[in-house]
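Inspection log for the structure reproduced underneath, given as structure tokens.
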Amino acid sequence: MKSARRRSRELATQGLYQWLLSGVPAGEIDAQLRGSQGYDKADHEHLDTLLHGVIREADELSGAIAPCLDRPIEQLSPVERAVLLVATYEFKHHVDIPYRVVINEAVELTKTFGGSDGYKYVNGVLDKLAAQLRATEAQNARKS
């Protein structure tokens with residue numbers, strides 16, 4: 001059984017995938033997601049925060065991710081890119097969610113929606129990013 005937060009991340013990833021491919025405005029994507037299967041089981045507040053926050057801050061989030069990549073962010077698959085944007089947003093704005101949970105959720109999203117080994121890449125990128133955006137938390141976790 002998926003948690004409401006997991007479902008909100010899945011829907012946000014699907015919406016961001018659509019946004020990355022088509023450039024459809026956030027309001028249209030939001031309206032479509034509200035009619036999606038499983039929407040009633042999602043954490044609506046978290047979904048809204050992720051979808052609209054990531055779209056609003058996409059350039060800044062992409063800039064934070066870029067130094068951790070081995071290629072330009074535009075060359076990533078849209079699924080990997082959407083998942084990385086969601087996770088980066090959570091790293092920055094949801095410090096109540098442990099960084100390891102953010103990474104685990106991103107890996108699971110990539111396994112669900114991405115290519116066969118995309119989750120390994122996402123895991124590596126987010127591990128590097130956590131060391132920057134959640135440095136103290138990551139260092140404390142490594143010590144224990």
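Taken together, the values in this text are just the output of simple stated rules run on the coordinates, not laboratory data. Quick caveat, the model's predicted, so the values are computed rather than measured. All Cβ positions, glycine included, derive from the backbone under ideal geometry; neighbour counts span all protein chains shown.
Cβ-Cβ under 8 Å, sequence separation 6+ or interchain: first residue in region 1-25 and β-branched (Val, Ile, Thr), partner part of a helix (DSSP H, G or I) and surrounded by 20 or more Cβ atoms within 10 Å (Cβ to Cβ). Which pairs?
From residues that are β-branched (Val, Ile, Thr), the pairs are Thr13/Val79; Thr13/Ala82; Thr13/Val83; Thr13/Val86; Thr13/Leu109.
Return the residue satisfying two criteria in turn: it lies in region 70-83 and is surrounded by fewer than 19 Cβ atoms within 10 Å (Cβ to Cβ) and not in a helix (DSSP H, G or I), and of such residues it is nearest to the chain's Cα centre (by Cα).
Selected residue: Ser77.
Select from region 25-51 the residues that are more than 18 Å from Val86 (Cα to Cα) and either touching a Pro at 6+ places or on another chain (Cβ under 6 Å) or outside any helix (DSSP H, G or I) (or both) and list them in ascending order.
Gly35, Ser36, Gln37, Gly38
Can you go through Ala82, Ala58 and tell me which one is over 17 Å from Leu133 (Cβ atoms) and touching a helix residue (DSSP H, G or I) at 6+ places or on another chain (Cβ under 7 Å)?
Just a single option satisfies the conditions, and that option is Ala82.
For the condition crowded, with 16+ Cβ neighbours inside 10 Å, in contact (Cβ under 8 Å) with a residue 40 or more places away in the chain and either within 12 Å of the chain's Cα centre (by Cα) or closer than 18 Å to His46 by Cβ (or both), what is the one hit in Val86, Val102?
Working: Val102 fails: in contact (Cβ under 8 Å) with a residue 40 or more places away in the chain.
Exactly one residue qualifies, and that residue is Val86.
Scan region 105-139 for residues that are surrounded by fewer than 16 Cβ atoms within 10 Å (Cβ to Cβ) and touching a residue at least 60 places away in the same chain (Cβ under 8 Å) and jot them down.
The answer is Thr112, Lys128, Gln132.
How many residues does region 89-101 hold that are closer than 15 Å to Thr49 by Cα and in a helix (DSSP H, G or I)?
Keep residues of region 89-101 that are closer than 15 Å to Thr49 by Cα, which gives 89-97.
After this cut, where a residue has to be in a helix (DSSP H, G or I) as well, the list is 89-93.
So the count comes out to 5.
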